[in-house]
Amino acid sequence: MTVEPSEAPHLGEVIVDARGIEKYFGRNHVLKGIDLKVRRRQAVMLIGRSGSGKTTLIRCLNFLEEPTMGSVEIDGLRVEADPLHANTRARREQIRQIRLRTGMLFQEFNLFPHMSVLANCIEAPMRVRGVPEAEAVATAGRLLEKVGLADKRDEYPERLSGGQKQRVAIARAMCMEPKVLMFDEPTSALDPELVGEVLTVMEELAHEGTTMIVVTHEMHFAREAADTVVYMDEGRIIEAGPPEQVLGDPEDERTKTFLHRFLSSFADREHAHDPGT
Amino acid sequence: MIAADAPKPDSILPQVEASRARADALFRLKSAGTWLVVIGLVLVGLWATDNIDTAFIAEWGPFIFGGAGLTILVSVVSIFFATILALIGAMGRLSRNPYLNGVAALYVSLVRGTPLIVQIYFIYLALPQVGIVLPAIPSGIIALSFNYGAYMTEIFRAGIQAVPQGQREAAESLGMPERLVMRRIVLPQALRIVIPAIGNDFVAMLKDSSLVSILAVEELLFRSQLVGRQNFRSLETLLIAAAIYWILTITFSYFQQRLERRMARGDR
Ligand SMILES: Nc1ncnc2c1ncn2[C@@H]1O[C@H](COP(=O)(O)OP(=O)(O)OP(=O)(O)O)[C@@H](O)[C@H]1O
Ligand SMILES: [Mg+2]
């Protein structure tokens with residue numbers, strides 16, 4: 001199934017074009033033929049039950065996970081799967097080029113603990129892209145400002161809250177000027193009161209036209225920020241379309257069941273927090 | 001129901017605290033006192049029974065102490081080279097290249113499978129037969145570096161593996177090539193993890209460096225043996241040597257602990 005928003009004049013050319021992605025972990029068939037296209041300025045939210053393959057899919061897009069079959073194209077560079085593990089130098093370099101075109105945000109932030117916030121942000125631009133220090137610092141300063149952390153540039157990650165860490169991670173990724181940002185449940189490791197500050201930043205990015213793919217369980221956020229919502233189940237894309245449609249009026253039974261269960265468990269949680277009970 | 005005249009729990013908390021602190025201090029004092037008493041008893045016993053010659057100690061103590069310089073020098077230089085060898089060894093052990101991996105594994109296995117004293121003799125006495133003649137001190141340093149390098153290889157390997165996988169993934173996701181990921185992200189964090197282990201190995205090295213006395217390197221043990229055998233006073237000279245080793249290791253351990261505590265506190 002190809003994800004193509006039907007009427008979306010504000011979207012640009014295709015940035016991500018994944019075709020026929022299959023992934024096995026040993027005998028476990030986790031991705032069963034995924035086709036995914038993402039256009040410039042498109043915000044795609046990936047939803048689905050635990051174990052449906054969302055994480056595996058976005059990790060395949062930048063080859064942190066090797067797809068078993070299929071190919072990924074990012075901004076014109078196509079890399080095929082490597083089922084026989086030839087793992088040549090040339091291919092490793094291609095994968096690196098793919099990674100230069102993508103930014104990845106993790107549940108666990110993964111800031112470099114031995115570097116200050118600023119150093120985290122300028123490390124790759126300077127050493128990988130050869131950006132002069134003054135320029136790298138200026139860019140980092142601007143992006144830290146954008147995520148609301150300009151005053152933390154000399155702190156070490158240890159001294160930041162989870163929400164601040166994730167916002168630094170976003171700035172760090174953007175310092176490399178990737179064509180697409182990919183998020184794997186960026187708020188699921190956060191205390192509930194810190195979720196909002198990260199989602200606010202992400203929503204802003206989406207509205208500004210940052211191309212992004214987000215794995216999330218935050219339905220409200222998906223509804224607000226997504227151009228396209230993709231529902232996955234058992235390694236397949238079941239349904240994809242504008243948020244009003246997929247979240248509001250899903251066609252597929254599985255999507256309906258998922259949303260129903262998800263929303264009711266969410267309601268339970270809200271209920272449990274109710275001081276009246 | 002709480003009786004009206006019962007003290008409020010808050011008010012006795014400081015007292016409880018103070019009494020616990022007093023008990024702790026007393027415990028430490030008694031424990032340290034035990035050291036002094038035991039050591040004192042042994043020394044006084046030896047002296048009172050005329051088994052120990054204090055004048056001899058006063059005469060030769062400084063000469064033996066003079067060997068401590070070489071002990072420290074050999075240990076420091078050896079731990080330095082051992083660290084470099086361990087770093088290379090660990091890279092080899094983690095390498096995907098089968099030849100590098102094989103060489104590193106062979107090195108570790110060979111060193112761990114043979115006694116240090118054999119390695120020392122080998123370098124000093126066996127290598128000359130194939131035309132490699134090295135003076136005693138470099139021979140000792142090479143043997144110790146080679147030996148400790150192998151043990152530390154495993155420590156470094158474990159340290160590198162202890163850096164969370166997410167760190168590597170984050171760096172790779174930023175487009176950093178493998179070498180840069182290792183040098184800038186993994187190694188600095190691994191080094192912090194292994195510093196306590198390097199400290200422990202240095203303390204062990206201070207003691208194991210005594211083995212190079214068999215090459216007539218004039219370090220602590222050699223000097224104490226030299227004087228002790230000539231005068232049939234090995235009890236005194238070995239006591240002196242032991243005391244100096246002990247003081248060296250205690251002193252170093254103290255600074256090591258302070259360093260570790262500072263590292264645990266600091267954010268770098
Ligand atoms: N490294 C791995 N090795 C083996 N199996 C894996 C690995 N990673 C994921 N899997 C398996 O692949 C399947 C999909 O996992 P994945 O993490 O992609 O799901 P997910 O949709 O992200 O779920 P969640 O919402 O819980 O994060 C699961 O059955 C999981 O057990
Ligand atoms: Mg996941």
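The values are calculated or read from the model by the stated rules, or taken from the named source; none is laboratory data. Everything numeric in this text was worked out from a predicted model, so none of it was measured. Please note: Cβ atoms are built from the backbone with ideal geometry, for glycine as well, and neighbour counts cover all protein chains shown. Heads up: the accessible areas ignore ligands, DNA and RNA and are worked out on the full protein's heavy atoms, side chains in. Shrake-Rupley method; radii C 1.70, N 1.55, O 1.52, S 1.80 Å.
Answer with yes or no whether residue A:150 is under 30 Å from residue A:76 (Cα atoms) and away from ligand 2 (no atom under 16 Å from the Cβ). No, not satisfied. Of the residues making up the stretch A:208-265, those that are in a strand (DSSP E or B), among the small types (Gly, Ala, Ser) and either within 26 Å of residue A:68 (Cβ to Cβ) or at pLDDT below 90 (or both) number 1. Of the candidates A:134, A:90, A:138, the single residue that is assigned by TED's automatic domain parsing to the domain that holds residue A:61, free of Cβ contacts under 8 Å to residues at least 40 places away in the same chain and surrounded by fewer than 19 Cβ atoms within 10 Å (Cβ to Cβ) is A:90.
Evaluating residue B:220 against the criteria (1) closer than 23 Å to residue B:145 by Cα; (2) surrounded by fewer than 19 Cβ atoms within 10 Å (Cβ to Cβ); (3) under 17 Å from the mean Cα position of the chain (by Cα) leaves one unmet condition, (2). Scanning the stretch A:67-105 for residues that are under 25 Å from residue B:187 (Cα atoms) and touching an Asp or Glu at 6+ places or on another chain (Cβ under 6 Å) gives no hits.
Only residues that are buried (at least 18 other Cβ atoms within 10 Å of the Cβ), within 11 Å of chain B (Cβ to nearest Cβ) and assigned to a loop (DSSP other than H, G, I, E, B) were counted across the stretch A:141-159, and they come to 1.
The single condition among (1) modelled with pLDDT of 95 or more; (2) surrounded by fewer than 17 Cβ atoms within 10 Å (Cβ to Cβ); (3) within 16 Å of ligand 2 (Cβ to nearest atom) that residue A:44 does not satisfy is (2).
Return the residue satisfying two criteria in turn: it lies in the stretch B:177-204 and is of a type in the set (Val, Ile, Thr) and more than 30 Å from residue B:242 (Cβ to Cβ), and of such residues it is modelled with the lowest pLDDT.
Let us first name the residues in the stretch B:177-204 that are of a type in the set (Val, Ile, Thr), namely B:181, B:185-186, B:193-195, B:198, B:203.
In the following step, the residues that additionally are more than 30 Å from residue B:242 (Cβ to Cβ) were identified as B:181, B:185-186, B:193.
On the way: B:181: 97, B:185: 97, B:186: 96, B:193: 90.
Among residues in the stretch B:177-204 that are of a type in the set (Val, Ile, Thr) and more than 30 Å from residue B:242 (Cβ to Cβ), the one modelled with the lowest pLDDT is B:193.
Annotation: of all residues in the stretch A:49-81 being free of Cβ contacts under 8 Å to residues at least 12 places away in the same chain and not in a strand (DSSP E or B), the one that is surrounded by the fewest Cβ atoms within 10 Å (Cβ to Cβ) is A:50. Entry remark, the stretch B:54-112: residues being more than 19 Å from residue B:251 (Cβ to Cβ) and among the hydroxyl-bearing types (Ser, Thr, Tyr) number 6 in total.
For (1) part of a loop (DSSP other than H, G, I, E, B); (2) without any contact (Cβ under 8 Å) to a residue 12 or more places away in the chain; (3) open to solvent by less than 80 Å² (accessible area, probe 1.4 Å), each residue gets a yes or a no:
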{"site": "B:35", "(1), (2), (3)": "no, yes, no"}
{"site": "B:42", "(1), (2), (3)": "no, yes, no"}
{"site": "B:50", "(1), (2), (3)": "yes, yes, no"}
{"site": "B:57", "(1), (2), (3)": "no, no, yes"}
{"site": "B:77", "(1), (2), (3)": "no, no, yes"}
{"site": "B:84", "(1), (2), (3)": "no, no, yes"}
{"site": "B:93", "(1), (2), (3)": "no, no, yes"}
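Residue B:101 - would you say it is in contact with a Lys or Arg (Cβ under 7 Å, 6 or more places away or on another chain) and open to solvent by 40 Å² or more (accessible area, probe 1.4 Å)? When the stated conditions are applied, residue B:101 passes them. Taking the stretch A:181-215 as the range and being open to solvent by less than 10 Å² (accessible area, probe 1.4 Å), within 14 Å of chain B (Cβ to nearest Cβ) and over 21 Å from residue A:125 (Cβ atoms) as the test, the residues that pass are A:186, A:213. Just give me the residues in the stretch B:149-179 being of a type outside the set (Asp, Glu), surrounded by 18 or more Cβ atoms within 10 Å (Cβ to Cβ) and farther than 18 Å from residue B:89 by Cβ, in sequence order. Those that are of a type outside the set (Asp, Glu), surrounded by 18 or more Cβ atoms within 10 Å (Cβ to Cβ) and farther than 18 Å from residue B:89 by Cβ: B:167, B:168, B:170, B:171, B:173, B:174, B:175, B:176.
Residue count for the stretch A:19-48, restricted to those that are out of contact with any strand residue (DSSP E or B) (no Cβ under 6 Å at 6 or more places or on another chain) and either part of a strand (DSSP E or B) or within 9 Å of ligand 1 (Cβ to nearest atom) (or both): 5. Would you mention how many residues in the stretch A:107-130 are open to solvent by 30 Å² or more (accessible area, probe 1.4 Å) and part of a loop (DSSP other than H, G, I, E, B)? The total comes to 4. Residue A:178 meets all of the listed conditions (1) crowded, with 24+ Cβ neighbours inside 10 Å; (2) assigned to a helix (DSSP H, G or I); (3) within 14 Å of chain B (Cβ to nearest Cβ) but one, namely (2).
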